[in-house]
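The structure appears right after this line, and notes come after that.
Taken together, the values in this text are just the output of simple stated rules run on the coordinates, not laboratory data. Please read all numbers here as calculations on a predicted model, not as lab measurements. Here the Cβ positions follow ideal geometry from the backbone for every residue, glycine too, while neighbour counts run over all protein chains shown.
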Amino acid sequence: MSRPYIIGIIGGGQLARMMHQASIALGVRIRLLAEGPDVSAAQVVHEVVVGDYTDPQVLLDFARDCDVITFDHEHVPTQLLEQVEAAGTAVRPGPDALQYAQDKSRMRLRMTELGAPNPEFAICEQPEQLVAFGDEHGWPVIAKISRGGYDGKGVWKVDGPEQADEPFAVLREEGSTVDGGTISREGVVIVAEEFVDFARELAALVTRSPSGQAVAYPISETVQREGICAETTTPAPGLDGSQASELQQLALRIADELGVVGLLAVELMQRRDGSVVVNELAMRPHNTAHWTIDGSNTSQFENHLRAVLDLPLGDPGLRAAHVVMANVLGGDEEDLTGALQHCFARDRKLRVHLYGKDVKPHRKVGHVTTYGEELADVTKRARHAAGYLMGDPNA
C-alpha cells in the first residue's frame, strides 16, 4: 500500500488549520512547521514540528519528508526556499513567484511591466524622496514598508512633509519589528503611493496549478477596519458583469505571468469613477475568501491543496445568490463556544469557524458565514452573529 501524499505547511495560523480541514477529505497528510506547540493549526494537525522557519537546517530537515511545501504566511526567505527546491522538495508557490508577495517594491515594478493598473508610486530610500513624491502628486500619501507589513502594520498615511521621516525611523532602528517579527534593514525601502480616495475595496481570487489550469472565484467586496478585513460580500454588489469578468481575467493573467501555483489574491481599490488599481498581492489562502468554505462549491483551501498537488481544480461557483463573511475579532466575549448557544438558536443556517485562539483585543479568533437569496437579510445575519461573538449582545 502506497503512503498518502504529504504536504508540508510552514506557519501554524488559522490558514494552516483550515487547510488541514480540507486535506482530510482528500486523503492527504499534513506536516506542520509551527512557531509554537499551541498555535491554531498545531492544535489539530497530528504531525507538528516546532521550529524557526528562518533556520536553514530546520527548514531542510522539515522539508525532507514532504512531497511539497506550501505556506500559511509569506515570510520565508526566498533564498532558503531555493535551497529546499535544490534538495528535491517542490515549493508551491515557488520563490520566483513568492518574491512579489514578499516585497511591495518588486511587486509594483512587476505590475508596471505587466501593464496592470497601479496607483502612482515611487521607491524611496530617503525621506527627501518621499517629500518630493508628495509635492509632485499631492498630500497625503501612503507610505509602506517594502517587506514585512501585515494587517495594516508597516503602513503610514503621511499628511505632509513634516511626517515624512516617520516611516524611515523604523528602518533605522536596530531590531525594529513589524507584525511581531524583527525586520532586517538590508534591502528594505519605503514605497510611496498616491492616496487613493477609493469608493470600495475588492478582491479577485484565483487558483492556478503547475500544469496551467486555473479557476477564478466571483469578485468580493471587502470592508477593512484599522487595516484588518472585517467583512466580505460575494458577489460584490453592483459590480457590472463585464467589469467583474475583466477583474477575474486580470487576476488570472497575473497568476500566469508570475507563475503562481496555488491561491493568488489580488486586492484592489475601486476609485469613485469605477476604475481599479492593484493594492497588494497574496500567494496563499486569503481572509477575503474564507466565505468559500461554506459558500462555494469548492473552498479556497481545497483548491489550494489540489493545485499544489497538481490535481484538477474544483468549481469555484457560488452555492447561493449572496454570501457574507464577517470576521470575529477579539472583544468582550471570552467564552466563544458558549456564545454559540445564542447564535445557533437564532440562525440555524449560520456557519461558524473558531480558530482555537485566546481572545485578545482585535485579534482574529474566528469568522462567520451566511448565505441566501436576499442580500440585506444575509448581511444582517452575519453582522449579528459576529457582533454577538465579539461581546455585543445588541448586535
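Listing for the model above:
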{"item": "Too-long pairs where the Cα-Cα distance tops 23 Å, listed order kept, from K104/K357; K144/K357; K153/K357; K153/K360", "result": "K104/K357; K144/K357"}
{"item": "For the chain, the longest site-free run once trypsin sites (Lys or Arg not before Pro) in DSSP loop states with at most 13 other Cβ atoms within 10 Å are removed", "result": "1-184"}
{"item": "Which of V131, G8, L202, positive extreme of dipole for the chain (C-beta unit charges)", "result": "G8"}
{"item": "Gain on full stretching of the segment that runs from H137 to D332 - 0.36 nm per residue minus C-alpha separation", "result": "65.9 nm"}
{"item": "Table column - 3J(HN,Hα) (Hz), the stretch 232-238, Karplus curve with 6.51, -1.76, 1.60, x for Gly and Pro", "result": "10, 10, 9, x, 4, x, x"}
{"item": "Distance in nm between pseudo-label sites at Q249 and S2 (7 Å out along the Cβ direction from Cα)", "result": "3.9"}
{"item": "Neighbour cut-off at most 13 other Cβ (10 Å), DSSP loop, chymotrypsin sites (Phe, Trp or Tyr not before Pro), the stretch 288-347", "result": "none"}
{"item": "Gain upon complete extension [K157, R172; 0.36 nm per residue less C-alpha separation]", "result": "3.5 nm"}
{"item": "Separation in nanometres of the label points that stand 7 Å from Cα toward Cβ, at A376 and A395", "result": "2.2"}
{"item": "Proximal lysines relative to K380, as straight alpha-carbon distance under 17 Å, when same-chain residues fewer than 8 apart are discounted", "result": "K349"}
{"item": "Proximal charge balance of D392 [Cβ under 9 Å; K/R count +1, D/E count -1]", "result": "-2"}
{"item": "Charged-residue dipole, Cβ positions (Lys, Arg, Asp, Glu), the chain about Cα centre, Debye nearest 20", "result": "1360"}
{"item": "In the stretch 311-384, GluC sites (Glu not before Pro) in a DSSP loop with at most 14 other beta-carbon atoms within 10 Å", "result": "E334, E373, E374"}
